[in-house]
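Student: Below you will find the structure I want to go over with you.
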Amino acid sequence: MRILFLAHRTPYPPNKGEKIRAFHLLSHLAKSHDVTLLYWIDDPQDLNHTPFLRSLCRGRVIPVRLNRPFAFSRAVFSLLSGNSFTEGFYRARAFQKELDSLLCGPPFDVVYVYSSAVAPYATSINARTKIVDFVDVDSIKWRQLADVSRFPLSVLYRLEHKRLSKLEIAISRWATRSVFISQAEADLFKATGGEGSIECLANGTDLEVRRLPLGKIHYSLTNGHRDKAGEKLIFVGTMDYSPNIDAARYFAEEIFPLVRQQFPYATFEIVGRRPSRTVRRLTEIEGVRVVGEVDDVRAYLVQADISVAPMRIARGVQNKVLEAMAVGVPVVATPQAIEGIEVQDGEEVLVASNPRDFARHIVQILNDTELQKSLTKKAWSKMNQCYNWEIIGAKLDRLLARQRVSDKLAMQKEDFNRESLMTFENTRL
């Protein structure tokens with residue numbers, strides 16, 4: 001089949017949650033289909049990866065530069081016009097021009113829209129099958145941000161929540177199928193007004209458990225080396241992203257000091273791209289180290305004693321949790337961090353809703369080798385059963401196969417109705 005894959009940012013390199021998902025789904029589709037990729041890039045460095053993506057896809061690969069100052073001005077105008085910030089940010093003539101050029105060629109059998117941010121472009125495409133991968137209910141994330149933000153940001157975030165929710169529901173009305181990262185997200189979307197065919201297509205992770213070389217560290221900040229090797233706790237994520245900033249700060253300020261009461265030489269490593277000023281200042285807390293961007297976060301995960309996911313704002317599936325479970329590192333998380341992941345508290349992970357319980361679980365794992373083994377064994381087994389990219393790719397194939405059957409039946413019905421109408425007209429004559 002000829003598939004047009006639209007994305008709101010480059011799917012390569014797969015170094016953050018949504019890019020990991022986009023890359024693996026794109027790679028799977030490209031194995032069996034003629035895939036054309038049209039996508040935004042917000043970092044000039046991403047142009048360096050265009051040759052690789054072209055080697056992956058049989059069809060054309062077209063990156064479109066996103067001018068952030070212009071994007072922000074469009075977004076503000078969109079808000080003032082009664083639409084969402086998101087719509088304006090990603091709506092531009094340059095992208096539409098490239099799309100129009102593609103549509104002048106042979107028709108596409110399927111349009112796979114990755115993210116509601118670029119879904120409005122698909123309304124102009126004459127394709128029978130339009131699959132919109134929302135990933136998660138993004139509008140809810142804005143509501144969560146509003147709940148933890150101060151005025152005037154709280155007002156703006158709440159406004160974006162309402163307008164983006166309206167857009168998401170409108171998209172579901174014309175999309176052939178709406179896809180979400182977990183059944184919990186799919187159910188939530190239905191509850192908030194989502195319509196049409198709504199399905200779940202989970203995230204996956206690399207299940208190779210191995211010691212990896214540390215590679216290049218692009219940024220590192222610490223308040224000094226410990227003269228004794230202590231227990232290592234780790235948090236991974238893109239560190240200019242508000243929910244991750246909030247999580248790192250919450251752990252460093254409210255949970256980590258409680259852990260150090262029991263383990264005075266424990267360290268807390270924050271690993272991830274573009275650490276914000278707020279994150280960098282956390283190194284003022286003894287034992288906190290901000291590593292920043294690294295070549296492969298798994299190399300740091302496997303050297304940690306525990307991976308923490310203290311998310312208070314979260315949507316969809318947290319890849320940081322999947323990655324830790326896949327490489328055999330015990331996970332302690334908040335309930336928000338494991339939403340949409342098929343795990344149980346006390347089986348594959350330990351879950352805590354407040355700082356004291358969170359610290360208690362960490363201490364419990366550090367003191368109990370058998371508990372460590374039990375958690376990691378059950379976690380890896382769950383990853384292998386439910387979050388293997390091969391399994392998810394096969395599910396995507398079945399989704400497309402079902403849609404092809406539906407399309408054929410619809411075409412046969414249209415042909416029958418057309419022939420019936422012609423027969424009726426001939427009878428009248």
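Student: Through the Karplus equation 6.51 cos²θ - 1.76 cosθ + 1.60, θ set to phi - 60°, convert the phi angles of segment 334-340 into ³J(HN,Hα) values in whole Hz; use x for Gly and Pro.
Tutor: With the stated coefficients, segment 334-340 comes to 7, x, 5, 6, 10, 4, x Hz.
Student: Then there is this: Treat the count of other C-beta atoms within 10 Å as a stand-in for reagent exposure and order W389, W142 from fewest to most.
Tutor: W389, W142
Student: Pulled fully out, how much extra length does the chain show between R150 and K31, if you take 0.36 nm times their separation in residues and subtract their Cα-Cα distance?
Tutor: On the way: separation 119, 0.36 × 119 = 42.84 nm, distance 4.75 nm.
This chain segment gains 38.1 nm when fully extended.
Student: Something else about it: Please give the net charge around S242, taking every other residue with its beta carbon less than 11 angstrom from that of S242, where Lys and Arg add +1 and Asp and Glu add -1.
Tutor: Working: positive: K141, R249, R312; negative: D240, D246.
Around S242, the charge tally is +1.
Student: For F77 and I125 in the same chain, what is the full-extension length gain: residue separation times 0.36 nm, less their Cα-Cα distance, in nm? Numbers along the way, then the final one.
Tutor: On the way: separation 48, 0.36 × 48 = 17.28 nm, distance 2.53 nm.
Residue separation times 0.36 nm, minus the Cα-Cα distance, leaves 14.7 nm.
Student: So in the chain, what percent of DSSP beta bridges are antiparallel if you round to the nearest 5? Show your work: numbers first, answer last.
Tutor: On the way: 3 of 49 bridges.
The antiparallel fraction comes to roughly 5 percent.
Student: For the residue pair D368 and H49, what label-to-label distance in nm results when each label sits 7 Å from Cα along the Cα-to-beta-carbon direction?
Tutor: Roughly 4.0 nm, to one decimal.
Student: Taking H placed 1.01 Å from N in the peptide plane, check which residues at least 5 places from K130 or on another chain put their amide H under 5 Å from its amide H.
Tutor: V111, T176, R177
Student: I've got another one for you. Excluding A394 itself, calculate the net charge of residues whose Cβ lies under 15 Å from the Cβ of A394, where each Lys or Arg counts +1 and each Asp or Glu counts -1. Mind showing how you got there, number by number?
Tutor: Working: positive: K31, K395, R398, R402; negative: E199, E390, D397.
With Lys, Arg at +1 and Asp, Glu at -1, the neighbours total +1.
Student: Further question on the same structure: For segment 221-386, I need the span (max minus min coordinate) of the C-alpha atoms along each principal axis, in Å, sorted largest to smallest.
Tutor: Taking the Cα atoms of segment 221-386, the three principal extents are 40, 31, 30 Å.
Student: Any idea how far apart K377 and R281 come out in nm if each label point goes 7 Å out from Cα toward Cβ?
Tutor: Each label point is offset 7 Å from its Cα along the Cβ direction, giving 4.6 nm.
Student: Once you keep just the Cα pairs under 8 angstrom separated by 6 or more residues, what percentage relative contact order results for the chain? Don't skip to the answer; put the middle values down first.
Tutor: Details: 775 pairs, mean separation 52.3, N = 429.
Rounded, it is 12 percent for the chain.
Student: Quick check: net charge around K378, other residues with Cβ under 9 Å of its Cβ, Lys/Arg +1 and Asp/Glu -1? Don't skip to the answer; put the middle values down first.
Tutor: On the way: positive: K377, K382; negative: E347, E348.
My count for the surroundings of K378 gives 0.
Student: How much of the DSSP beta bridge set in segment 221-386 is antiparallel, as a percent to the nearest 5? Working shown, then result.
Tutor: On the way: 2 of 19 bridges.
Of all bridge pairs located within segment 221-386, approximately 10 percent are antiparallel.
Read the figures in this text as sums done on the coordinates, not as results from a lab. Bear in mind that the values here come from a model prediction, so they are computed numbers and not experimental data. For neighbour counting, all protein chains shown are included, and Cβ atoms are generated from backbone atoms with ideal geometry for every residue, glycine included.
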